[in-house]
Amino acid sequence: QVQLAESGGGLVQAGGSLRLSCAASGISRTINVMGWYRQAPGKRRELVADITNSGGTTYADSVKGRSRISRDNAKNTVYLQMNSLRPEDTAVYYCRVVRDLYVYWGQGTQVTVSA
């Protein structure tokens with residue numbers, strides 16, 4: 001059974017930093033894409049950043065230059081370093097993993113940025 005264990009969310013002041021982690025277990029084959037999405041109250045879930053197993057990355061325009069996604073393939077873990085956080089970054093952040101045709105989601109971790 002695939003499980004995604006997210007950690008690193010919390011409350012931070014504007015301008016601060018957070019590092020989110022997501023460890024995937026129960027997956028025996030190579031994970032194609034690992035990434036993070038977020039959903040703010042009343043808004044649709046949106047891509048924050050993702051990374052392929054060869055290291056290709058995609059970032060939302062809203063976080064470019066402030067965030068860095070990385071992964072450890074040996075540990076099936078993806079990291080999202082977020083800097084210069086803004087109140088508009090407040091959302092539930094979800095880990096998403098794609099293996100072949102299967103998509104798995106984490107349960108989400110709350111990130112709250114105070115002004």
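The values are calculated or read from the model by the stated rules, or taken from the named source; none is laboratory data. Just so it is clear, the structure is predicted and the values come from calculations on it, not from any experiment. A quick note on method: Cβ atoms are made from the backbone with ideal geometry, for glycine too, and the neighbour counts reach across all protein chains shown. Accessible surface areas use protein heavy atoms only, side chains included; no ligands, DNA or RNA. Shrake-Rupley method; radii C 1.70, N 1.55, O 1.52, S 1.80 Å.
Charge tally for residue 21 (other residues, Cβ to Cβ under 12 Å; Lys, Arg +1; Asp, Glu -1): +1.
As a fraction of the 1.4 Å probe accessible area of the chain, surface on carbon and sulfur atoms comes out at 45 percent. When +1 charges are put on Lys and Arg Cβ atoms and -1 charges on Asp and Glu Cβ atoms, the dipole computed for the range 9-115 relative to its Cα centre reaches about 40 debye.
Of the three principal axes defined by the Cα atoms of the chain, the extents in descending order read 43, 25, 22 Å. Residues within the reach of a label modelled at residue 25 (point 7 angstrom out along Cα to beta-carbon, backbone nitrogen below 14 Å), restricted to the range 46-79, are 75-77. Using the Cβ of residue 60 as centre and a radius below 11 Å, the other residues enclosed give a net charge of -1, where K and R count +1 and D and E count -1.
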